[in-house]
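J.: First the structure, which I've put down as structure tokens, then a few questions once you've had a look.
The values are calculated or read from the model by the stated rules, or taken from the named source; none is laboratory data. Please read all numbers here as calculations on a predicted model, not as lab measurements. Don't worry about glycine lacking a Cβ; one is built from the backbone with ideal geometry, like all the others, and counts go over all protein chains shown. We work out accessible area using only protein heavy atoms, side chains counted, and drop any ligands, DNA or RNA first. Shrake-Rupley method; radii C 1.70, N 1.55, O 1.52, S 1.80 Å.
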Amino acid sequence: MSVKNSIFILAFSFMAIAGCTQSQHQNTTSTQQNMKFKLLTPDEERVIVHKGTEAPYTGKYEKFNETGTYVCKRCGTPLYRSTDKFDAHCGWPAFDDEIPGAVKRIPDADGMRTEITCAKCSAHLGHVFLGEGFTEKDTRHCVNSISLDFVPAAQPALMDTAIFAGGCFWGVEYYMKKIKGVISTEVGYTGGHKDHPTYKEVCAGNTGHYEAIEVVFDPGITSFEEVAKMFFETHDPTQWNHQGPDWGEQYRSAVFYRDEQQKAITEKLINELKDRGFKVVTELKPSAKFWKAENYHQDYYDHKGSTPYCHGYVKRF
């Protein structure tokens, strides 16, 4: 190959790489531009966009104890529940847990701390610290008040929650995450009689728990009925105590309703399926304590890079 041709190929390769990088950046920028962001003040922009920090003991939520939900100042996504807030005496609002999937952790530029951002719009929130012993969860989200807005409990927040059990929770979560309007998902155990059950205990069939999923969604984008339809169409509601090759009482099919409206909608869907000839065995139960499963179960197929072996989409409605 001639020197001239080698130089041409090398230059072309650099142009292609640069073009690809620029295209990815443009796609990310375009996605964020399409989101509806709140107009920020200069002080808010300094913290939320440019990763600044408000002075300690100056934020409006540092000494604030009302019941409700803390949402992202920029995009309105629910981030923290008031029940997870505690006083760390550090000068900033502190939370020992977040709404599942709402907060992203990123290694900080200083190489020592871990930054936390809104998972939806990348707004800077603050930093997260582990191992300090403030609460049983041993976690402290140190958040700038200026990055947050607050929705009182008496005022409806832009989210609702549904709980389903339909066989292996890995497969159920895989499909629920695909619904437009779903904010977050978390797999765990519910309906049993033991506190803090482990995966091993649940699989042994001694606790009475179901493998379940808690789905947090935006009712302005989707509805409980649409989420429930996906549940009934991605597992077999006619199978008792198993799904596909998975057998055991933890794999029972059930909807754990949180209010009478969810109960009525589920009853309607079950009756529709029965009218179409499906022998539905799905149980309808009032919601019970939901215990989060071990971390390695969360977003299982995303981390594994594969698809469910015991769940699949089947149009039923």
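J.: List the longest stretch of the chain that has no exposed loop site; here a site is one of the GluC sites (Glu not before Pro) assigned by DSSP to anything other than H, G, I, E or B, with at most 14 other Cβ within 10 Å.
T.: The longest such stretch corresponds to 137-293.
J.: With the Cα gyration tensor of the chain giving a ≥ b ≥ c as the square roots of its eigenvalues, does the rule (a/c under 1.5 for rounded; else a/b larger than b/c for prolate; else oblate) give rounded, prolate or oblate?
T.: oblate
J.: If you fit an axis through the alpha-carbon atoms of helix 260-275 and take the longest principal axis of the Cα set of the chain, what angle between them do you get, 0 to 90°, nearest 10?
T.: Result, in degrees: 60.
J.: I need to check one value: relative contact order of the chain, counting alpha carbon pairs closer than 8 Å and at least 6 residues apart, in percent.
T.: Relative contact order comes out at 15 percent.
J.: With a 1.4 Å probe and every protein chain left in place, tell me how much accessible area W170 has, in Å² to the nearest 10.
T.: 40
J.: A 26 angstrom limit on the alpha carbon distance is what I want to check against. Which of K60/K177; K268/K292; K263/K315; K73/K263; K51/K104; K177/K315 exceed it?
T.: In this structure, K60/K177; K268/K292; K73/K263 exceed 26 Å between Cα atoms.
J.: Could you calculate the FRET efficiency of E226 with A109 from 1/(1 + (r/R0)^6), where r is the beta carbon distance between them and R0 is 41 Å, rounded to 0.05?
T.: That pair, E226 with A109, gives E of 0.50.
J.: Related question: Of the heavy-atom accessible surface of the chain (probe 1.4 angstrom), what whole percent is carbon and sulfur?
T.: 53
J.: Between Q239, Q261, Q250, find the one with the highest GNM mean-square fluctuation for the chain; connect C-alpha pairs within less than 10 Å.
T.: Q261
J.: So, one more: When ligands, DNA and RNA are left out and all protein chains stay put, how many square angstrom of accessible area per residue does the chain have with a 1.4 Å probe?
T.: 53
J.: Multiply the residue separation of V281 and F37 by 0.36 nm, subtract the distance between their alpha-carbon atoms, and state the gained length in nm to one decimal.
T.: Extending this stretch completely gives an extra 83.4 nm.
J.: Leaving out same-chain residues fewer than 8 places away, which aspartates and glutamates sit with a Cα under 13 Å from that of K285?
T.: D259, E260, E267
J.: How would M230, M176, M112 rank on accessible area, largest to smallest, probe 1.4 Å?
T.: M112, M230, M176
J.: Leaving ligands, DNA and RNA out of it, work out the accessible area of S145 with a 1.4 Å probe and give it in Å² to the nearest 10.
T.: Ignoring ligands and nucleic acids, S145 comes out at about 0 Å².
J.: Something else about it: Using modelled amide H (1.01 Å from N, peptide plane; none on Pro or chain starts), what sits under 5 Å from the amide H of L79, excluding residues fewer than 5 places away?
T.: Excluding prolines and chain starts, which carry no amide H, the hits are Y70, V71, C72.
J.: What is segment 98-182's relative contact order, in percent, from Cα pairs under 8 angstrom and six or more apart in sequence?
T.: 14
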